[in-house]
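Chemist: Take a look at this one; I'll ask things after.
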Amino acid sequence: MPGGGRCPDCGSTELVEDSHYSQSQLVCSDCGCVVTEGVLTTTFSDEGNLREVTYSRSTGENEQVSRSEQRGLRRVRDLCRVLQLPPTFEDTAVAYYQKAYQHSGIRAARLQKKEVLVGCCVLITCRQHNWPLTMGTICTLLYADLDVFSGAYMKLVKLLGLDVPSLCLAELVKTYCSSFKLFQASPSVPARYVEDKEKMLSRTLQLVELADETWLVTGRHPLPVITAATFLAWQSLQPSYRLSCSLAQFCKLANVDLPHPASTRLQELLAVLLRMAKQLAWLQVLKLDKRSVVKHIGDLLQHRHTLVRTAFREGTAEMETQEKELQGRGQGEEVGNSSLGLPQGKRPASPALLLPPCMLKPRKRICPTPAVSTVTGDESISDSEIEQYLRTPQEVRDFQRAQAAGQAATSVPNPR
């Protein structure tokens, strides 16, 4: 045994030196009791002699992390655990936070911005791993403003030079709809309002895909569109009981917040469904409106691709092809119009163009009013502008003499 001595527990003299990481310990080989523990050592020469070194002289001082960064790293880990993210996600988010904290602009930022930075690192990690997580969820957990968060998010992506893919819409629908409290009967949800989760999710996905095909999702926040699609899917599964329920009541029953543009997205979806309904023969005679078309959403979604192509994209081409076929048979324009159910001399209406709503209903831009220039007659006139008003040779000669006289008068010295 190096150095002699006895074990305080069993009294054995069989003490051995055991190196545990960077510390050397004396351990009893009989009972396993740790008799003495080594001291903190560094890369200094004292390490070889196992002599105690103060922390202020150790290399650990150079690796010290500031309190602000420690708090941020702790918040990143806590947020990942609250969201139940895999350990690899947590490590990636921590690495992004440490990389961002090296920039002087981040270190000198206010505490509110550093708190938002925590959520940005977690959101970037989730987007890169195709994990369905929205900015709204992060802002709710951090009590952060959405505008401030989105600005910090874009700035961080640009600062770190990251490639962040867009969020998968289908995964977001599944995650968001799972939070709705409509799949189990409860005192706050009547039995007629309870719906099967798989049926509701399947129809919601079809409606969201329809909205994506008709430009209702492009360039917009997805949650209002998903909320409107979920509401229509829920109504269409049992329309007799649920048509009287409004969108605000639906969100209250589901225990979710009502996004502000959701009502507008609902009206846009209903307008698309009405145009599709006009292409089905058995629905043309029913004179559907935005309320009654909900009953036939199942039929419309079953033939979704054909109806969208006919109602928006290739409707005009099909009409022209049909008219050419009738003319080729020798029936003429009059027979063609009569076969289409239109009076003589009237052409069929062209389908609406499939364009984004921002192009169909562009915002009115305020034209700036031009500044009113007040002419007083005292403005100075340049020589080139005077020449534009000279018409006759006499006027030109007079102007030249006046100009020469003016120059002569300025060249004569003043008498003293």
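Chemist: How large is Rg over Rh for the range 170-312, taking Rg from the Cα atoms and Rh as the Kirkwood inverse mean of 1/r across Cα pairs?
Modeler: Result for the range 170-312 is an Rg/Rh of 0.95.
Chemist: Expressed as a whole percentage, what fraction of the accessible surface of the range 77-123 belongs to carbon and sulfur atoms when a 1.4 Å probe is rolled over the protein heavy atoms?
Modeler: Carbon with sulfur: 51 percent of the solvent-accessible area.
Chemist: While we're here: Which pairs, out of LYS290/LYS364; LYS290/LYS361; LYS199/LYS252; LYS181/LYS287, put more than 25 Å between their alpha-carbon atoms?
Modeler: LYS290/LYS364; LYS181/LYS287
Chemist: Looking at the range 67-167, I'd like the Rg to Rh ratio, where Rg is from alpha-carbon atoms and Rh is Kirkwood's inverse mean 1/r.
Modeler: Radius of gyration relative to Kirkwood radius: 0.91.
Chemist: Next up: Using packing as a proxy for protection, rank 296-304, 239-247 so that the peptide with the highest average count of other Cβ atoms within 10 Å comes first.
Modeler: 296-304, 239-247
Chemist: How much of the accessible area of the range 126-245, probe 1.4 Å, is carbon plus sulfur, in whole percent?
Modeler: Working: 3180 of 5870 Å².
The C+S portion of the solvent-accessible surface of the range 126-245 is 54 percent.
Chemist: Using a 1.4 Å probe, what is the accessible area per residue for the range 67-167, in Å²?
Modeler: 55
The values are calculated or read from the model by the stated rules, or taken from the named source; none is laboratory data. Just so we're clear, the structure is a prediction, and the values are computed from it rather than from any experiment. Counting neighbours? That spans all protein chains shown, and the Cβs are built from the backbone with ideal geometry, glycine included. Heavy atoms of the whole protein, side chains included, go into the accessibility calculation; ligands, DNA and RNA do not. Shrake-Rupley method; radii C 1.70, N 1.55, O 1.52, S 1.80 Å.
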